[in-house]
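Read the structure below first, then the notes.
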Amino acid sequence: MGRKVLVLGEIREGSLRNVSFEAVAAARTVAEGGEVVGVLIGDSVSALGQELISYGAERVIAVENEKLAQYTPDGYSQALMSVIKEEKPGGLIIGHTALGKDLSPKIASKLNSGLISDAVQVEEAGGNLVFTRPIYSGKAFEKKIVSEGIIFATIRPNNIASLEKDENRTGDVSTLSVDIKDLRTVIKEVVRKATEGVDLSEAKVVVSGGRGVRSEEGFEPLKELASVLGGAVGASRGACDADYCDYSLQIGQTGKVVTPDLYIACGISGAIQHLAGMSNSKVIVAINKDPEANIFKVADYGIVGDLFEVVPMLTEEFKKLKV
Ligand code: FAD
């Protein structure tokens, strides 16, 4: 018979983030034939409902209120809890993004439920829904099942394939009016860092630089390669500490966790704290002058050489492939 599963669609700058569609796909598995209901929260967001439906949600509930124009933990939790009270779902799936990491424990405590965070896979096995999640900074995986209560999980971006978009899918998009009160934080202004291009945590290709890039200008060839591949630029903490780039690019234990299809590490030694943020990438290419560098232990392809020679050569070759 299945269960009803809610999926929070995450909106950034007026568009749904990809992880929302991946969450719909995960929710379809969790629903086991039941209904998948998208939830959108914001000021005026119902127009995005059809997109969630084209990716597999049966219907969408938009909670609209001008106090929800920006994410706040109080506002979003009131909005989402109102939908949960109304819909009484058997499952809830949210992206494991900065927003999801902030919101989900709050919701779990209000529901007095468990929470499986950072799941990279969900499957039906032996009559159970089994979630797989990395532990010990990605060195091992554990499998979890929910034995009672709501099945609540956050999913890591870029790991669960979304369903094919089908604009012919139809469904109801309704609005729910919620009285938002007692907001303890008010966002007056959002000042975004001027990071160009693709969102690092959702990028399919990441070109990362370490202390080996030697300067801020040293990142230029990496930016060019990333742009040819339609990817994003990342960095080691070594490069951030040396002021070659902004900390928002840092990948690792104390930075972002990424799982792109292709990760190209340039001038990065491969410290354990860096590996924690990228070792689950699907294909890893390492470029390093030192043949003994630790990064080669996790690399699928290793290039021993000077990144300032190798990276421009790669860029030229990829440009030829694109023509
Ligand atoms: P290095 O270790 O100095 O390596 C530079 C590499 O570049 C060398 O292997 C060298 O052979 C190579 N190289 C130099 N010139 C060239 C060239 N021209 N061409 C090719 N290769 C070249 N680090 C992270 O990255 N992310 C984290 O989240 C993180 N969190 C941390 C948390 C804690 C609590 C601690 C203690 C540390 C953390 N670190 C983190 C730091 C980590 O331990 C390393 O110090 C850091 O990752 C090293 O950065 P790096 O590889 O760029 O620099």
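Structural remarks
- Condition check for GLY255 on (1) within 23 Å of THR97 (Cβ to Cβ); (2) away from the ligand (no atom under 11 Å from the Cβ): one failure, at (2).
- Residues in segment 164-199 that are more than 18 Å from LEU40 (Cβ to Cβ), among the aliphatic types (A, V, I, L, M) and at pLDDT 90 or above: 1 in all.
- Inter-residue pairs, beta-carbon under 7 Å, first closer than 13 Å to ILE135 by Cα and of a type in the set (Phe, Trp, Tyr) and in segment 263-279, second near the ligand (Cβ under 6 Å from one of its atoms) and in a strand (DSSP E or B), 6+ apart: none
- Residue check for VAL228: open to solvent by 30 Å² or more (accessible area, probe 1.4 Å) and farther than 30 Å from GLY2 by Cβ: no
- If you filter segment 237-268 down to residues that are closer than 19 Å to VAL311 by Cα and part of a loop (DSSP other than H, G, I, E, B), you find that the one that is most open to solvent (accessible area, probe 1.4 Å) is ASP261.
- Test: residue in segment 125-134 that is of a type in the set (Ser, Thr, Tyr), part of a helix (DSSP H, G or I), free of Cβ contacts under 8 Å to residues at least 40 places away in the same chain and open to solvent by less than 30 Å² (accessible area, probe 1.4 Å): no
- ILE93 of a type in the set (Val, Ile, Thr) and outside any helix (DSSP H, G or I): yes
- Options LEU222, LEU229, LEU249; residue that is closer than 23 Å to SER15 by Cβ and either within 13 Å of the ligand (Cβ to nearest atom) or aromatic (Phe, Trp, Tyr) (or both): LEU249
- Of all residues making up segment 76-112, the number that are touching a residue at least 12 places away in the same chain (Cβ under 8 Å), among the charged types (D, E, K, R) and under 25 Å from GLY33 (Cβ atoms): 3
- Any chance ARG214 is open to solvent by 90 Å² or more (accessible area, probe 1.4 Å), within 16 Å of the ligand (Cβ to nearest atom) and in contact with a helix residue (DSSP H, G or I) (Cβ under 9 Å, 6 or more places away or on another chain): yes
- The single condition among (1) among the small types (Gly, Ala, Ser); (2) open to solvent by 50 Å² or more (accessible area, probe 1.4 Å); (3) outside any helix (DSSP H, G or I) that GLY234 does not satisfy is (2).
- Within segment 142-162, tally of residues that are open to solvent by less than 60 Å² (accessible area, probe 1.4 Å) and either among the aromatic types (Phe, Trp, Tyr) or part of a loop (DSSP other than H, G, I, E, B) (or both): 9
- All of GLY42, GLY49, GLY9 fail the test of being open to solvent by less than 10 Å² (accessible area, probe 1.4 Å) and touching a residue at least 60 places away in the same chain (Cβ under 8 Å), apart from GLY49.
- Among the residues making up segment 269-314, those that are more than 10 Å from the ligand (Cβ to nearest atom) and either touching a Lys or Arg at 6+ places or on another chain (Cβ under 7 Å) or not in a helix (DSSP H, G or I) (or both) are SER279, ASN280, SER281, LYS282, VAL283, ILE284, VAL285, VAL298, ALA299, ASP300, TYR301, GLY302.
- Check on GLY197, of a type in the set (Gly, Ala, Ser) and either surrounded by fewer than 11 Cβ atoms within 10 Å (Cβ to Cβ) or over 18 Å from the mean Cα position of the chain (by Cα) (or both): no
The values are calculated or read from the model by the stated rules, or taken from the named source; none is laboratory data. Source: prediction; values computed, not measured. Cβ: placed from backbone, ideal geometry, glycine included. Neighbour counts: every protein chain shown. When the accessible area is computed, the model is the full protein with side chains, heavy atoms only, and any ligands, DNA or RNA have been set aside. Shrake-Rupley method; radii C 1.70, N 1.55, O 1.52, S 1.80 Å.
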